[in-house]
Amino acid sequence: MTTRLTATSLLLLSRTLRRGVTSRIPPRPFGIAPLGLELSAGIIPRAQSRLPFSTASRDPGQQEPPPAMDSPIKVVSHLGSRGGEEGGGAAIDAGKSARRPLSLWPGMYHSPVTNALWEARASIFERMMDAGNGATDDDAGEQRAPTELLVKTPAQSRTSIVYKFATDDILREQYRDPWNQVRIGKLLEDLDALAGTIAVKHCSDEDSTTRPLLVVTASVDKTELKKPIRVDADLKIAGAVTYVGRSSIDIQIEVTQVDQDGDNQSDPIALTANFTFVARDSKTGKSAPVNCLSPETEREKQLFSEREARDKMRKRKREEQKGGLENGIHKLRAEAERLNALLAEGRVFSDLPALADRDSILMKDTRLENSLVCQPQQRNLHGRIFGGFLMHRAFELAFSTAYAFVGQRPCFLEVDHVDFLKPVDVGDFLRFKSCVLYTQLDNPEQPLVNVEVVAHVTRPELRKSEVSNTFHFTFTVCSDMLKNGMKIRNVVPSTEEEARRILERMEAEGLCN
């Protein structure tokens, strides 16, 4: 009897203590807080109710308000959440995943911004699939291709994202680099996701009887960092369609951040980027025409004219390259002379290393490399590896290459034109190879370091390797480091193939006479 009374007393005491401790637990434990992000400009708000990582709660008796086209999409964090515990959010409904085809679920590796953008983009495709009165997958395949093109304005595709770094500790920590600035590689990933969502919005015709078009990243024009991006102040990225061809869509994105002193007179633009997407038929895979664009404001008309002139110039150069035998001969002779000049110092390194210039270094001695197997978590809505993920990984390797070469933390300046030549699939063996291609030391106050990163898709089973992407990043060093007597070495090629790569890059930059 004594033993039973003691056990009972202990049980009651234990329950009392637990109730006392539980009453002191805050309703939302640390780590479960909404991220300070907003996506605006009319992204389909239906996705809000289907966010798989949402921790927002709703009163059971409260009626859900009707969706508004201009209401922002809240991006929330699921860090530290545990199902079934107090403050851990609503229980996961396993039946929700069955309502959407698996093909519309992108990988979950990406940033909260990318996930929210793809969630909004998937809602457009999902709406098309649901509109056919519960049509099956077989019925969805019978949807006709779009036959009538709409005329849309840039405002109809304009989308913006606000990063509330100043007030959201979790979000700030996700984007912070070791020097308390924004991780550029992670930001490039978000820029590509934003541009893709804008392209999908422009191509959408709101007609449930037509199958939606697929849009893929074709190229990225020069992405220029105008000033450092801090992680302690709110950041905004916004973009819209600026020009369309038959099946191509040009999109300009601007990243803005107000200066720390709050000076409204200074230019808030911190980074600009231009993306080109191409539209393809989701059934045949062939190029498909896209909706027309009608610019309204003077700024929109100016951007349209600039991109149109650039497109015509690109086509004219392509035609000139096809003909002109005599011009081609002169070009080959001039190229041979430049190749010999570039290889002169490299030959000294190879044949007379003791007499080589100590302020120079061979290109092959600046190389770095890493590799990975592409995982399902890194795919996009179309089942391919996300282009922003490739840019992210390429930037990280380029930064490390410049860091090892300079000997101090480099400062990023720009990403040059990027062409996405080959798609990358889940399961591909991807190899990134980098080197310092050349340096520009003419301006002692801002020496430039050009880093090349080449992405190879390798298939060991087939004994095959193809180039998927080639990236060119430009870095410099802080002026304080130069004042301390630091010197950047000149990079020289040791083979003709390396010399040709340098010449091609210099011609693209307009550095060759």
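Here are some notes:
- Filtered residue count, region 426-457, keeping only those that are part of a strand (DSSP E or B) and either at pLDDT below 90 or open to solvent by less than 10 Å² (accessible area, probe 1.4 Å) (or both): 13
- Exactly one residue out of Val492, Val467, Val477 is within 30 Å of Val373 (Cβ to Cβ) and in contact (Cβ under 8 Å) with a residue 12 or more places away in the chain: that is Val467.
- Only listed residue being in contact with a Leu (Cβ under 7 Å, 6 or more places away or on another chain), at pLDDT 90 or above and either open to solvent by less than 60 Å² (accessible area, probe 1.4 Å) or within 16 Å of Thr197 (Cα to Cα) (or both), chosen from Val241, Val231: Val241
- Any hit, region 252-262, residues being modelled with pLDDT under 90, farther than 21 Å from Val216 by Cβ and polar (S, T, N, Q): yes
- Filtering region 381-418 to residues that are over 14 Å from the mean Cα position of the chain (by Cα) and in a helix (DSSP H, G or I) leaves Leu397, Ala398, Phe399, Ser400, Thr401, Ala402, Tyr403, Ala404, Phe405, Val406.
- Contact annotation: residue pairs with Cβ atoms under 9 Å, 6 or more positions apart or on different chains, pairing a residue in region 361-380 that is at pLDDT 85 or above with a partner that is open to solvent by 30 Å² or more (accessible area, probe 1.4 Å) and of a type in the set (Asp, Glu), are Asn370/Glu396; Cys374/Asp425.
- Residue match in region 473-490 (condition: β-branched (Val, Ile, Thr), in contact with a Leu (Cβ under 8 Å, 6 or more places away or on another chain), more than 15 Å from Phe395 (Cα to Cα) and open to solvent by less than 10 Å² (accessible area, probe 1.4 Å)): no
- Looking only at residues in region 158-217 that are open to solvent by less than 10 Å² (accessible area, probe 1.4 Å), within 15 Å of the chain's Cα centre (by Cα) and not aliphatic (A, V, I, L, M), the one that is nearest to Phe389 (Cα to Cα) is Glu189.
- Residue check for Thr284: among the polar types (S, T, N, Q), surrounded by fewer than 18 Cβ atoms within 10 Å (Cβ to Cβ) and either modelled with pLDDT under 90 or under 22 Å from Arg307 (Cβ atoms) (or both): yes
The values are calculated or read from the model by the stated rules, or taken from the named source; none is laboratory data. The structure presented is a predicted model; accordingly, all values stated were derived computationally and were not measured. No Cβ is skipped: glycine too gets one built from the backbone with ideal geometry, and neighbour counts run over all protein chains shown. Ligands, DNA and RNA are stripped out before the accessible areas are found, and what is left, the full protein with its side chains, is counted by its heavy atoms. Shrake-Rupley method; radii C 1.70, N 1.55, O 1.52, S 1.80 Å.
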